[in-house]
Amino acid sequence: SQQGEEDPQALSIQEGENATMNCSYKTSINNLQWYRQNSGRGLVHLILIRSNEREKHSGRLRVTLDTSKKSSSLLITASRAADTASYFCATDSGANSKLTFGKGITLSVRP
Amino acid sequence: DGGITQSPKYLFRKEGQNVTLSCEQNLNHDAMYWYRQDPGQGLRLIYYSQIVNDFQKGDIAEGYSVSREKKESFPLTVTSAQKNPTAFYLCASSWNQKNIQYFGAGTRLSVL
């Protein structure tokens, strides 16, 4: 069963623009993570935000979490062609729970 | 280099055949996972293991089997009972269930 659902499903932007991707989830969480997947490769962890945090930064990445709305957003600033990939949110929902991944967002950055 | 190694990169299965996908990690992680990825469906959990000699079914375990005899190794067998095995299979590991997962490069399985 899918806990996180990303929005939009696909996003195409010009190099240098910002990319904003959203994730909504249904049940309360301990933390939420974002991963990146280049075509035909494994996933790479980008950032983890805990349920008691509201915002986190890592380089050109900014993640926000709104537990009242059960949603998170990932902002990639000053995008590059190399940012072209699929992005997944993943939620951890409590004791003995597994990490549950969404279906992913396909980001295309045009040079 | 530390990391997770999946092999082979490509695998072909004949009708009625069992095939085994290898996953090895040298990160000293306790937990290991197998996911199946189909186009447009994201990652679905097949099996996971928190400790040696113990594993649990995920959301789509039917037609698959695993073993965890060593901490470093978590092989996945796709049995002949899995009628639609064509997919991209990803192995991952983490310190425990809640932490960041580290992924291998994947095995693409096709049916001949």
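The values are calculated or read from the model by the stated rules, or taken from the named source; none is laboratory data. The model shown is predicted, which means the values in this text are computed figures rather than measured ones. Virtual Cβ from ideal backbone geometry, glycine too; neighbours counted across all protein chains shown. With ligands, DNA and RNA removed, areas are computed over all heavy atoms of the protein, side chains included. Shrake-Rupley method; radii C 1.70, N 1.55, O 1.52, S 1.80 Å.
Which one is nearest to the other protein chains (Cβ to nearest Cβ) among residues in the stretch A:46-65 that are in a strand (DSSP E or B), open to solvent by 50 Å² or more (accessible area, probe 1.4 Å) and in contact (Cβ under 8 Å) with a residue 12 or more places away in the chain? Spell out how you get there, then give the answer.
Our first condition is that a residue be in a strand (DSSP E or B); within the stretch A:46-65, this holds for A:46-50, A:55-58, A:61-65.
Narrowing further to those that are open to solvent by 50 Å² or more (accessible area, probe 1.4 Å): A:50, A:55-58, A:62.
Filter again for in contact (Cβ under 8 Å) with a residue 12 or more places away in the chain, leaving A:50, A:58, A:62.
On the way: A:ARG50: 10, A:SER58: 13, A:ARG62: 19 Å.
The residue in question is A:ARG50.
Filter the stretch A:4-30 down to the residues that are touching a residue at least 60 places away in the same chain (Cβ under 8 Å) and among the charged types (D, E, K, R), then identify the one that is surrounded by the most Cβ atoms within 10 Å (Cβ to Cβ).
Step one: of the stretch A:4-30, the residues touching a residue at least 60 places away in the same chain (Cβ under 8 Å) are A:4-19, A:21, A:23, A:25, A:27-30.
Going one step further and asking which of them are among the charged types (D, E, K, R), we end up with A:5-7, A:15, A:17.
On the way: A:GLU5: 16, A:GLU6: 25, A:ASP7: 14, A:GLU15: 14, A:GLU17: 13.
Restricting to residues being touching a residue at least 60 places away in the same chain (Cβ under 8 Å) and among the charged types (D, E, K, R), the top hit is A:GLU6.
Name the single residue that is farthest from B:GLY106 (Cα to Cα) among those in the stretch B:15-40 being at the interface with chain A (Cβ under 10 Å from one of its Cβ atoms) and surrounded by 13 or more Cβ atoms within 10 Å (Cβ to Cβ).
B:ALA31
Just one of A:ASN22, A:ASN18 is farther than 20 Å from B:ILE100 by Cβ and under 10 Å from the mean Cα position of the chain (by Cα); which is it? Outline the logic, then answer.
Details: A:ASN18 fails: under 10 Å from the mean Cα position of the chain (by Cα).
When all the criteria are applied, what remains is A:ASN22.
B:SER65: among the small types (Gly, Ala, Ser), part of a strand (DSSP E or B) and without any contact (Cβ under 8 Å) to a residue 24 or more places away in the chain, yes or no?
Working: among the small types (Gly, Ala, Ser): yes; part of a strand (DSSP E or B): yes; without any contact (Cβ under 8 Å) to a residue 24 or more places away in the chain: yes.
So B:SER65 fits the description; yes.
For the stretch B:13-27, what are the residues that are within 16 Å of the chain's Cα centre (by Cα) and of a type in the set (A, V, I, L, M, F, W, C)?
Correct list: B:VAL19, B:LEU21, B:CYS23.
If we scan the stretch A:85-98, do we find a residue that is β-branched (Val, Ile, Thr) and modelled with pLDDT of 95 or more? Write out each step before concluding.
Going residue by residue through the stretch A:85-98, those that are β-branched (Val, Ile, Thr) are A:91.
Subset that is modelled with pLDDT of 95 or more: none.
Among the residues of the stretch A:85-98, not one is β-branched (Val, Ile, Thr) and modelled with pLDDT of 95 or more, which makes the answer no.
For the stretch B:68-112, enumerate the residues that are part of a strand (DSSP E or B), surrounded by fewer than 18 Cβ atoms within 10 Å (Cβ to Cβ) and more than 14 Å from every other protein chain (Cβ to nearest Cβ).
If the condition is that a residue be part of a strand (DSSP E or B), surrounded by fewer than 18 Cβ atoms within 10 Å (Cβ to Cβ) and more than 14 Å from every other protein chain (Cβ to nearest Cβ), then B:LYS70, B:SER73, B:THR77, B:VAL111 are the ones that fit.
Please verify whether B:THR86 is touching a residue at least 40 places away in the same chain (Cβ under 8 Å), in contact with a Ser or Thr (Cβ under 7 Å, 6 or more places away or on another chain) and among the β-branched types (Val, Ile, Thr), treating the condition exactly as stated.
Details: touching a residue at least 40 places away in the same chain (Cβ under 8 Å): no; in contact with a Ser or Thr (Cβ under 7 Å, 6 or more places away or on another chain): yes; among the β-branched types (Val, Ile, Thr): yes.
So B:THR86 fails the test.
Out of (1) surrounded by 13 or more Cβ atoms within 10 Å (Cβ to Cβ); (2) touching a residue at least 40 places away in the same chain (Cβ under 8 Å); (3) over 16 Å from the mean Cα position of the chain (by Cα), what's the single condition that is false for A:ARG41?
(2)
Condition check: more than 12 Å from every other protein chain (Cβ to nearest Cβ) and of a type in the set (Val, Ile, Thr). Does A:THR77 satisfy that? Even if it seems obvious, please write down each step before you answer.
Values: more than 12 Å from every other protein chain (Cβ to nearest Cβ): yes; of a type in the set (Val, Ile, Thr): yes.
The answer is yes for A:THR77.
Check whether at least one residue in the stretch A:94-102 is on the phi > 0 side of the Ramachandran plot, over 10 Å from the mean Cα position of the chain (by Cα) and open to solvent by less than 60 Å² (accessible area, probe 1.4 Å), and report yes or no.
First, pick out the residues of the stretch A:94-102 that are on the phi > 0 side of the Ramachandran plot: A:94, A:96.
Applying the additional criterion that residues be over 10 Å from the mean Cα position of the chain (by Cα) yields A:94, A:96.
Among the residues that remain, those that are also open to solvent by less than 60 Å² (accessible area, probe 1.4 Å) are: A:94.
There is at least one residue in the stretch A:94-102 that is on the phi > 0 side of the Ramachandran plot, over 10 Å from the mean Cα position of the chain (by Cα) and open to solvent by less than 60 Å² (accessible area, probe 1.4 Å).
Hey, among B:PHE55, B:PHE12, which residue is surrounded by fewer than 17 Cβ atoms within 10 Å (Cβ to Cβ) and part of a strand (DSSP E or B)? Full working, then the answer.
Details: B:PHE55 fails: surrounded by fewer than 17 Cβ atoms within 10 Å (Cβ to Cβ).
Going through B:PHE55, B:PHE12 in turn, just one is surrounded by fewer than 17 Cβ atoms within 10 Å (Cβ to Cβ) and part of a strand (DSSP E or B): B:PHE12.
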